Every structure is written in C-alpha cells, then in structure tokens.
Amino acid sequence: MREKTQRKADARLARIEGQIRAVRKMVAADRYCIDVVRQVQAARSALSSLETLIIDDHVDTCVEHALEGGAMSERREKVTELVSILTGRKK
C-alpha cells in the first residue's frame with residue numbers, strides 16, 4: 001500500500017472509530033432508534049469509502065505490477081482476488 005493511501009486510510013479509520021464510539025454512547029444513553037440507525041449508516045458508508053480507497057490502491061499497485069510483468073498465474077491470481085472481493089465470494 002502506498003504511503004499516501006496509508007495516511008488517508010488511517011485518517012478515515014480514526015473517524016470511523018469515533019463514529020462507532022458515538023453509536024455505542026447513543027445506545028447506552030437509550031437515544032432515539034432512528035438517530036442510532038442513521039449513525040450506523042454513516043459508519044457503514046465510511047467503511048465502504050475506506051474499502052474503495054484500499055481497492056483502488058491495490059489495483060494501482062499490486063494488480064498493475066502483476067499485469068505488467070508477472071507470470072500468467074500471478075495475473076490470473078490477482079484478477080481472481082479482485083473478482084472474489086468485489087462479488088463477496090471467498091477465494
């Protein structure tokens with residue numbers, strides 16, 4: 001993972017961590033259910049954004065490297081990994 005991506009990922013993870021802590025406090029404080037659900041949705045959206053950031057970096061680094069110079073088996077492996085992660089299937 002590139003250093004720039006690591007910094008962005010760390011910042012997003014810190015924000016997500018704060019969101020999760022806030023949800024926990026909301027539940028403990030017996031806050032209105034819809035408000036809690038909205039915060040859960042926001043955290044889920046932030047996780048999805050983080051996932052996209054990491055996948056984009058993976059394509060730009062690992063997959064690109066394999067496609068440019070790797071053996072056919074390495075290329076196939078990288079494509080299979082991407083397909084499985086994007087479709088939610090286990091490898």
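The values are calculated or read from the model by the stated rules, or taken from the named source; none is laboratory data. Here the structure is a predicted model, which is why all the values come from computation and not from measurement. Methodologically, a virtual Cβ is constructed for each residue, glycine included, from the backbone with ideal geometry; neighbour enumeration extends over all protein chains shown.
Scanning region 76-91 for residues that are more than 15 Å from the chain's Cα centre (by Cα) and polar (S, T, N, Q) turns up just one, THR80.
Being in a loop (DSSP other than H, G, I, E, B) and of a type in the set (A, V, I, L, M) is the filter here; which residues of region 2-35 pass it? Lay out the reasoning, then the answer.
The first filter runs over region 2-35 and keeps only residues in a loop (DSSP other than H, G, I, E, B), leaving 2, 29-32.
Residue satisfying the conditions is ALA29 alone.
Considering only residues that are more than 20 Å from the chain's Cα centre (by Cα) and either of a type in the set (A, V, I, L, M) or at pLDDT 95 or above (or both), which ones fall in region 38-71? ALA66, LEU67, ALA71 - these are the residues of region 38-71 that are more than 20 Å from the chain's Cα centre (by Cα) and either of a type in the set (A, V, I, L, M) or at pLDDT 95 or above (or both).
Note on region 10-60: among residues that are under 16 Å from ILE85 (Cβ atoms) and among the small types (Gly, Ala, Ser), the one that is surrounded by the fewest Cβ atoms within 10 Å (Cβ to Cβ) is SER48. In the set LEU53, LEU67, only one residue is part of a helix (DSSP H, G or I), under 27 Å from GLU3 (Cα atoms) and touching a residue at least 12 places away in the same chain (Cβ under 8 Å); that residue is LEU53.
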